[in-house]
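Undergrad: For reference, the structure I am asking about is given below.
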Amino acid sequence: MVKRYGWGIIGCGVIAPSHINGVRANDARAEVVGLYDLILDRAKERQAELDIPFATDDIDAFLARDDIDVVSICTPSGAHSDGVIAAAQAGKHVLCEKPLGITHAQLDAAIAAAQQAGVKLGCVFQRRTEPVNRQLRQLIQEGKLGKIVFADLVGKDYRAPEYYRSAGWRGTIAFDRGCLMNQGVHYLDLLLWLMGEPVVEVAGFWDTLRHDIESEDTLAATLRFASGALATVSYTTSLSRRGLPSHIGIHGTDGNILLDDRRGETLVEIGGEPVPLADGADQPVGHAAHVADLIQAIDEDRAPGITGESGRTAVDVALAIYEASDTRSVVRLPAR
């Protein structure tokens, strides 16, 4: 008989419904059985809104339940590793919202806890699940673009002051960091995953140019990959309005990729000729794909598609950029 996994949600903020909907898209194999939040009223509101069997503010009782096999971590970024550790020590498999942590110590501790407990730890970076992006990675890995020489990531975003005031942890160094670690980390992860090779050096600057927050609302950096390829990364939430073009470009000696994520357009040319891409409309994407992958990983006793080690890659690069700015130096990343 095929097991149907009980799923619990730790943290009932804005990202929790995405995880709940992801589980419900896999309802033949999983169901959300309960919610935890340290603010009971918030947990109760989500329970009523989304028709969940129970809600609690008692984390020990929550993690002790036999009907919870897997938990999603949906707390503020700086608290993600605490949730992972607690869940792993209780013997629960974990799907952690991005980022896995916002310091090296948090990343190390979360990964070690899952390994020591023998549970699966999957990380959310939903842009890796999109069929077009999978095709782009395959083209690059097969060498169709030739030698990659340059890449760029440009994120032109906007957040109103009310966004940062909506929760006390937003824009703080202890629980969030800023535009790169929160909004831009999705795009940074996608760029690094598409490139498929480690970053060895970074230089850059971050600053707070518009918002009343501790962390960055504007950042610019340069990366050097192990192959020698160079990349620029720029991101901001300090613009005057939403919807300005943002893109990822990857350029080789034989071809080019230009991915405009906001407009949903991807251009690929190899040898001067356009390359068509399949839409992959029948494949699961986003949180639903992450849930399905983690279920399969548990079934097959294999690693999830995005492990803790894979999920930390973009965070390590972001932290190196912060260090480079703080120390006005070029920072070398350790081999992993």
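The values are calculated or read from the model by the stated rules, or taken from the named source; none is laboratory data. For clarity, every value in this text was computed on a predicted model and none was experimentally measured. When we count neighbours, we look across all protein chains shown, and the Cβ atoms used for this are built from the backbone with ideal geometry, even at glycine.
Undergrad: Going through the range 28-70 one residue at a time, which ones are small (Gly, Ala, Ser) and either farther than 23 Å from residue 297 by Cα or more than 25 Å from the chain's Cα centre (by Cα) (or both)?
TA: So the first thing to find is which residues in the range 28-70 are small (Gly, Ala, Ser), and the list is 28, 30, 34, 43, 48, 55, 61, 64.
Scanning the range 28-70 gives 28, 43, 48, 55, 61, 64.
Undergrad: Output the qualifying pairs, or none if there are none: Cβ atoms under 7 angstrom, residues six or more apart or on different chains, first residue in the range 48-77 and under 16 Å from residue 92 (Cα atoms), second residue hydroxyl-bearing (Ser, Thr, Tyr) and modelled with pLDDT of 95 or more.
TA: Qualifying pairs under 7 Å: 59/36; 62/36; 62/56; 69/5; 70/5.
Undergrad: Which residues, counting only those in the range 154-175, are farther than 23 Å from residue 82 by Cα, part of a loop (DSSP other than H, G, I, E, B) and touching a helix residue (DSSP H, G or I) at 6+ places or on another chain (Cβ under 7 Å)?
TA: 157
Undergrad: Which one is farthest from the chain's Cα centre (by Cα) among residues in the range 278-300 that are surrounded by 22 or more Cβ atoms within 10 Å (Cβ to Cβ) and among the hydrophobic types (A, V, I, L, M, F, W, C)? Steps first, please.
TA: Keep residues of the range 278-300 that are surrounded by 22 or more Cβ atoms within 10 Å (Cβ to Cβ), which gives 287, 290-291, 294-295.
With among the hydrophobic types (A, V, I, L, M, F, W, C) added as a condition, the list becomes 291, 294-295.
Details: 291: 14, 294: 15, 295: 19 Å.
Looking at residues that are surrounded by 22 or more Cβ atoms within 10 Å (Cβ to Cβ) and among the hydrophobic types (A, V, I, L, M, F, W, C), I get 295.
Undergrad: So residue 264 clears everything in (1) over 24 Å from residue 158 (Cβ atoms); (2) surrounded by fewer than 19 Cβ atoms within 10 Å (Cβ to Cβ) except one condition, right? Which one?
TA: That leaves (1) as the condition not met.
Undergrad: Considering only the range 317-324, I want to know if a residue exists there that is closer than 22 Å to residue 183 by Cβ and without any contact (Cβ under 8 Å) to a residue 40 or more places away in the chain. Steps first, answer last, please.
TA: Step one: list which residues in the range 317-324 are closer than 22 Å to residue 183 by Cβ, which gives 317-324.
Filter again for without any contact (Cβ under 8 Å) to a residue 40 or more places away in the chain, leaving 323.
Yes: the range 317-324 contains one or more residues that are closer than 22 Å to residue 183 by Cβ and without any contact (Cβ under 8 Å) to a residue 40 or more places away in the chain.
Undergrad: Follow-up question, since we're still on this one. Consider the range 116-135. How many of its residues are out of contact with any Leu (no Cβ under 6 Å at 6 or more places or on another chain) and either surrounded by fewer than 18 Cβ atoms within 10 Å (Cβ to Cβ) or part of a helix (DSSP H, G or I) (or both)?
TA: Number satisfying all stated conditions: 9.
Undergrad: Quick one: is residue 191 assigned by TED's automatic domain parsing to the domain that holds residue 266, under 17 Å from the mean Cα position of the chain (by Cα) and either buried (at least 16 other Cβ atoms within 10 Å of the Cβ) or without any contact (Cβ under 8 Å) to a residue 12 or more places away in the chain (or both)? Reasoning before the result, please.
TA: Values: assigned by TED's automatic domain parsing to the domain that holds residue 266: yes; under 17 Å from the mean Cα position of the chain (by Cα): yes; either buried (at least 16 other Cβ atoms within 10 Å of the Cβ) or without any contact (Cβ under 8 Å) to a residue 12 or more places away in the chain (or both): yes.
For residue 191, the condition - assigned by TED's automatic domain parsing to the domain that holds residue 266, under 17 Å from the mean Cα position of the chain (by Cα) and either buried (at least 16 other Cβ atoms within 10 Å of the Cβ) or without any contact (Cβ under 8 Å) to a residue 12 or more places away in the chain (or both) - is met.
Undergrad: Give me the residue from the range 301-329 that is among the charged types (D, E, K, R) and within 18 Å of residue 101 (Cα to Cα) and, out of that set, farthest from the chain's Cα centre (by Cα).
TA: 323
Undergrad: Quick test of your reading of the structure: residue 191 fulfils all but one of (1) assigned to a loop (DSSP other than H, G, I, E, B); (2) under 26 Å from residue 307 (Cα atoms); (3) touching a strand residue (DSSP E or B) at 6+ places or on another chain (Cβ under 9 Å). Name the failing condition by number.
TA: For residue 191, the exception is condition (1).
Undergrad: OK, next. Are there any pairs, at least 6 apart or on different chains, whose C-beta atoms fall under 7 Å, with the first in the range 245-259 and among the charged types (D, E, K, R) and the second in a strand (DSSP E or B), and if so, which?
TA: Correct list of pairs: 254/270.
Undergrad: Continuing with the same structure: If I filter the range 176-185 down to residues being in contact with a Gly (Cβ under 9 Å, 6 or more places away or on another chain) and not in a loop (DSSP other than H, G, I, E, B), which single residue comes out as surrounded by the fewest Cβ atoms within 10 Å (Cβ to Cβ)? Outline the logic, then answer.
TA: The first filter runs over the range 176-185 and keeps only residues in contact with a Gly (Cβ under 9 Å, 6 or more places away or on another chain), leaving 176-180, 182-184.
Checking the rest, the ones that are also not in a loop (DSSP other than H, G, I, E, B) come to 180, 182-184.
Working: 180: 32, 182: 22, 183: 17, 184: 25.
It comes out as 183.
Undergrad: Further question: Only one of (1) under 23 Å from residue 323 (Cα atoms); (2) outside any strand (DSSP E or B) fails for residue 231. Which number is that?
TA: Here residue 231 clears every test but (2).
Undergrad: Residue under question is residue 143, and the condition is that it be buried (at least 22 other Cβ atoms within 10 Å of the Cβ), not assigned by TED's automatic domain parsing to the domain that holds residue 15 and not in a strand (DSSP E or B); does it hold? Can you show your working first?
TA: Numbers: buried (at least 22 other Cβ atoms within 10 Å of the Cβ): no; not assigned by TED's automatic domain parsing to the domain that holds residue 15: yes; not in a strand (DSSP E or B): yes.
Judged against the criteria, residue 143 is not a match.
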